[in-house]
Amino acid sequence: MKKIFAGNWKLFKSPAETRAFMSKFKEVMGSVTGEVVFFPSAISLEAACEAVKGSAIKIGVQNAYTQASGAFTGENSAQVVKELGGQYILIGHSERRSIFGETDALIADKVAYVQSLGLTPMLCIGETLQEREATHTFRVLETQLLLGLAKADKAKPIVVAYEPVWAIGTGKVATPEQVAETHTDVHSILTKMGFTAPILYGGSVKPDNAGQLIKQAHVSGFLVGGASLEVDSFQKIATV
Ligand code: PGA
């Protein structure tokens, strides 16, 4: 299976910055054998979709609501993402959960809706430092998967991103042993539930740790925040 290298741009990059990045990244895409997906902010989505036309780069948004349209001030429509040529929707990122109060029940509805449109949900899961230290990691991940995938279609594509909350944006990457152990657990939970999904690792992935991490069991690629904002660092990660 092709590895997936995804860049989560969070609230960075204007449409003009997005166009400039994509025109440079298209030049280096020839060196990448895996699949590349960028998640720009919703305001830069159209610029991103236009800029990657004719290349293998895929685009998605970082969040979308459970309905195509309606009185939902401030939300994004996955239907419009599809119309613009986007293919992925990030769902349940830890910042959505902790800052914007997203629950597993809402996440489950989003996953199901995104799949119903023929788009691919990238479901993010991960434990806090407190939960890891209390040895609750397995239970937390199992709960997030059971609830988040409660309405998902097993026959349709889905990607899971394991991102320990304590490793996101902190520079504290999980060790290769922690990644191997946790990805093996996530894989076995998914298998038991009847799902087949690539499992990406996310949390302070950088060019200097990506090579070790990609070799670990059940690591099908990365979800990268900070290091996806520069062409050079993301290309290094996507060509490990
Ligand atoms: P980071 O972010 O690579 O900057 O730690 C990862 C993410 O939030 O997806």
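Couple of notes before you dig in:
- Taken together, the residues in region 163-183 that are hydroxyl-bearing (Ser, Thr, Tyr) and within 23 Å of PHE12 (Cβ to Cβ) amount to 1.
- Some residue of region 192-199 being within 11 Å of the ligand (Cβ to nearest atom), within 22 Å of ARG96 (Cα to Cα) and either in a loop (DSSP other than H, G, I, E, B) or modelled with pLDDT under 95 (or both): no
- So LYS156, is it open to solvent by 60 Å² or more (accessible area, probe 1.4 Å) and within 30 Å of LYS24 (Cβ to Cβ): no
- The residue of region 3-22 that is surrounded by the fewest Cβ atoms within 10 Å (Cβ to Cβ), among those that are aliphatic (A, V, I, L, M) and out of contact with any Gly (no Cβ under 6 Å at 6 or more places or on another chain), is LEU11.
- The number of residues in region 183-209 being crowded, with 19+ Cβ neighbours inside 10 Å and more than 22 Å from ARG132 (Cα to Cα) comes to 2.
- LEU223 being touching a Ser or Thr at 6+ places or on another chain (Cβ under 7 Å), within 15 Å of the ligand (Cβ to nearest atom) and within 25 Å of ASP104 (Cβ to Cβ): no
- Residue within region 65-73 that is open to solvent by less than 40 Å² (accessible area, probe 1.4 Å) and out of contact with any Cys (no Cβ under 7 Å at 6 or more places or on another chain) present: yes
- Flag if GLY86 is away from the ligand (no atom under 16 Å from the Cβ), within 24 Å of TYR201 (Cα to Cα) and in a loop (DSSP other than H, G, I, E, B): yes
- Comparison of ILE57, ILE91, ILE99 shows that the only residue that is surrounded by 22 or more Cβ atoms within 10 Å (Cβ to Cβ) and free of Cβ contacts under 8 Å to residues at least 60 places away in the same chain is ILE91.
- Subset of region 161-182 that is part of a helix (DSSP H, G or I) and within 16 Å of the ligand (Cβ to nearest atom) - its residue that is surrounded by the most Cβ atoms within 10 Å (Cβ to Cβ): VAL179
- Which numbered condition SER44 fails, given (1) farther than 24 Å from ILE91 by Cα; (2) out of contact with any strand residue (DSSP E or B) (no Cβ under 8 Å at 6 or more places or on another chain); (3) part of a helix (DSSP H, G or I): (1)
The values are calculated or read from the model by the stated rules, or taken from the named source; none is laboratory data. Just so we're clear, the structure is a prediction, and the values are computed from it rather than from any experiment. In this analysis, Cβ positions are derived from the backbone assuming ideal geometry, glycine residues included, and neighbour counts consider all displayed protein chains. Quick note on the areas: whole protein, heavy atoms, side chains included, nothing else; ligands and nucleic acids left out. Shrake-Rupley method; radii C 1.70, N 1.55, O 1.52, S 1.80 Å.
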